[in-house]
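Q: Quick one: structure below, then a few questions.
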Amino acid sequence: MINILFFAQIRELLGESSIQVEAIAEITTAEELRANLASKNEQWGKVLASDKLLVAVNQTISRWDMQVEDGDEVAFFPPVTGG
Amino acid sequence: MPANVSKVLVQTQDFSVADEYALIADDYRDGAVVTFVGKVRDFNYGGMVTDLTLEHYPGMTEEVLSQIIVEARERWSLNKVTIIHRVGTMALGDQIVFIGVTSAHRKAAFSAGEFLIDFLKTKAPFWKLESGEAGKNWLDAKDADEQAAKMWDIP
């Protein structure tokens, strides 16, 4: 399983804070995982298509070609605004 | 000689600047103590603000803040470094973030303090949700913050 987390407005727009998906051969990178989730429905497709979307793999901000595998924690969120 | 001390806290409760100051200011080797406090202000681009909610990514946040301190220590000779960041809902005037840095000389403490807040604003997974006249509004990341962080890039 891949544990997926959503934060801030991404979490609100999707209506989910976390989901789990089966690790499958078609998902080898963060970009492929995003594409897989985006195919769920129109709303998910729109939200996850944002060019501002960031991804963290195992709690480190990553590039979209980062490898994703079984047991990983992958988080999607907007640019950060703390401080 | 005692090891340099770093402290990172992410918490809902408020902090005491006096207590945090006392904790970092007790070393006779330091000639400089620089502190910064970020607060909830009553306006933003969307108009009047009534309260602010901070969300974060538990686990990753603490790791990123610790890493930012490691980077600051690589650039300047620092003794004590404290970062406290609050999460949850805060009222106008409430304290959001505390940064404290001590060093032998003021320049390192000033520079490191500014570096820490600039980096925190662009690297640490916190998100601000404002409530105000126009309802609730997630704040957009500001290009100015990104530029401020880039200013510290080593050419």
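Q: Once you list every other residue whose beta carbon is under 14 Å from the beta carbon of B:GLN13, what net charge do they have if Lys and Arg are +1 and Asp and Glu are -1?
A: After counting each charged neighbour, the total is -3.
Q: Under a Cβ-Cβ cut-off of 14 Å, what is the net charge of the residues other than B:PHE119 that fall near it, where Lys and Arg count +1 and Asp and Glu count -1?
A: -3
Q: Could you put A:SER39, B:SER103 in order, starting from the residue whose Cβ has the fewest other Cβ atoms within 10 Å?
A: So the residues, fewest neighbours to most, are A:SER39, B:SER103.
Q: A further question follows. If I take every Cα pair under 8 Å that is 6 or more residues apart in chain A, average their sequence separation and divide by the length, what percent do I get for the relative contact order?
A: In percent, rounded to a whole number, it is 40.
Q: Find which of A:THR60, A:LEU48, A:LEU13 sits farthest along the positive direction of the dipole of chain A, computed with +1 on the beta-carbon of Lys and Arg, -1 on that of Asp and Glu, about the Cα centre.
A: Farthest towards the positive end: A:LEU13.
Q: Follow-up. Counting only Cα, what are the radius of gyration and maximum Cα-Cα distance Dmax of the range B:80-140, in Å?
A: When restricted to Cα atoms, the range B:80-140 yields Rg and Dmax of 14.6, 48 Å.
Q: Residue by residue through the range B:76-84, what is 3J(HN,Hα) from phi via Karplus (6.51 cos²θ - 1.76 cosθ + 1.60, θ = phi - 60°)? Round to whole Hz and write x for glycine and proline.
A: Rounded to whole hertz, the list is 10, 8, 10, 9, 9, 9, 10, 10, 10.
Q: Once you charge only the Cβ atoms, +1 for Lys and Arg and -1 for Asp and Glu, what is the size of the charge dipole of the protein assembly as shown about its Cα centre, to the nearest 20 debye?
A: Working: 22 positive and 36 negative charges, 154 e Å.
Rounded to the nearest 20 debye, it is 740 debye.
Q: Calculate the FRET efficiency for B:PHE43 and B:MET151 from the Cβ-Cβ distance with a Förster distance of 41 Å, rounded to the nearest 0.05.
A: The calculated FRET efficiency here is 0.95.
Q: In whole Å, largest first, what are the principal axis extents of the Cα atoms in the range B:11-155?
A: 50, 38, 27
Q: Separation between the B:GLN13 and B:ASP94 pseudo-spin-labels, each 7 Å from Cα along Cα→Cβ, expressed in nm?
A: 1.5 nm
Q: Past the 31 Å Cα-Cα mark, which pairs from A:LYS46/B:LYS39; B:LYS107/B:LYS142; B:LYS80/B:LYS123; A:LYS46/B:LYS7?
A: Too far apart for the 31 Å limit: A:LYS46/B:LYS39; A:LYS46/B:LYS7.
Q: Have a look at B:GLY132, B:ALA109, B:ALA149 and report the one farthest towards the positive end of the charge dipole of the range B:95-155, computed about the Cα centre with Cβ charges (Lys/Arg +1, Asp/Glu -1).
A: B:ALA109
Q: Within chain A, what's the longest run with no trypsin sites (Lys or Arg not before Pro) in a DSSP loop and at most 15 other beta-carbon atoms within 10 Å? Give the range, please.
A: So the longest stretch without any such site is A:1-39.
Q: Can I ask one more? Please label the shape of the range B:15-73 as rounded, prolate or oblate, based on the square roots a ≥ b ≥ c of the eigenvalues of the alpha-carbon gyration tensor (a/c under 1.5 means rounded; beyond that, a/b larger than b/c means prolate, else oblate).
A: Oblate, because a/c is 1.5 or more while a/b does not exceed b/c.
Q: Sort the range B:58-111 into rounded, prolate or oblate with this rule: let a ≥ b ≥ c be the square roots of the eigenvalues of the Cα gyration tensor; rounded if a/c is under 1.5, and if a/c is not under 1.5, prolate when a/b is larger than b/c, oblate otherwise.
A: Oblate is the answer for the range B:58-111, as a/c is 1.5 or above yet b/c matches or exceeds a/b.
Q: Calculate the dipole size of the range B:1-136 relative to its Cα centre from +1 charges on Lys and Arg beta carbons and -1 charges on Asp and Glu beta carbons; express the result in debye to the nearest 20.
A: Its charge dipole is roughly 360 debye.
Q: When only C-alpha pairs under 8 Å and at least 6 residues apart count, what is the relative contact order of the range B:21-91, in percent? Walk me through the numbers on the way to the answer.
A: Numbers: 36 pairs, mean separation 30.1, N = 71.
Across the range B:21-91, relative contact order equals 42 percent.
Q: Running a GNM on chain B with Cα contacts under 10 Å, which residue among B:PHE43, B:PHE126, B:PHE15 ends up with the highest mean-square fluctuation?
A: Its mean-square fluctuation being the largest, the pick is B:PHE43.
Q: Fewest to most neighbouring Cβ within 10 Å: what's the order for B:ARG29, B:ARG86?
A: Ranking B:ARG29, B:ARG86 by Cβ neighbours within 10 Å, fewest first, gives B:ARG29, B:ARG86.
Q: Relative contact order of the range B:14-155, please, whole-number percent, based on alpha carbon pairs below 8 angstrom and at least 6 residues apart.
A: Here the relative contact order equals 33 percent.
Q: At 222 nm, what value in deg cm²/dmol follows for chain A if DSSP H runs of at least 4 each add -39500 (n - 2.57) and the sum is divided by all its residues, to the nearest 500?
A: -7500 deg cm²/dmol
Q: Hey, another quick one. Percent of Cα-Cα pairs more than 18 Å apart in chain A, please. Walk me through the numbers on the way to the answer.
A: Working: 1157 of 3403 pairs.
Here the long-distance tail beyond 18 Å is 34 percent of all Cα pairs in chain A.
Q: Within the P(r) computed for the protein assembly as shown, what percentage of the Cα pairs occupies the region above 24 Å?
A: Working: 14294 of 28203 pairs.
Counting pairs separated by more than 24 Å, the tail of P(r) holds 51 percent.
Q: By counting other Cβ atoms within 10 Å of each Cβ, how are B:HIS85, B:HIS105 ranked from fewest to most?
A: Working: B:HIS85 24, B:HIS105 12.
Ranked by crowding around the Cβ, least crowded first: B:HIS105, B:HIS85.
Q: Another question, if that's okay. When the helices in chain B are scored as -39500 (n - 2.57) per DSSP H run of 4 or longer and the sum is shared across all residues, what 222 nm value do you end up with, to the nearest 500 deg cm²/dmol?
A: Mean residue ellipticity, 222 nm, calculated: -10000 deg cm²/dmol.
All of the numbers you see were taken from the coordinates with simple rules; none came from a lab. Only a predicted model underlies this, so the values are computations on that prediction, with no experimental measurement involved. Quick reminder, even Gly has a Cβ in these numbers, built from the backbone with ideal geometry, and neighbours come from all protein chains shown.
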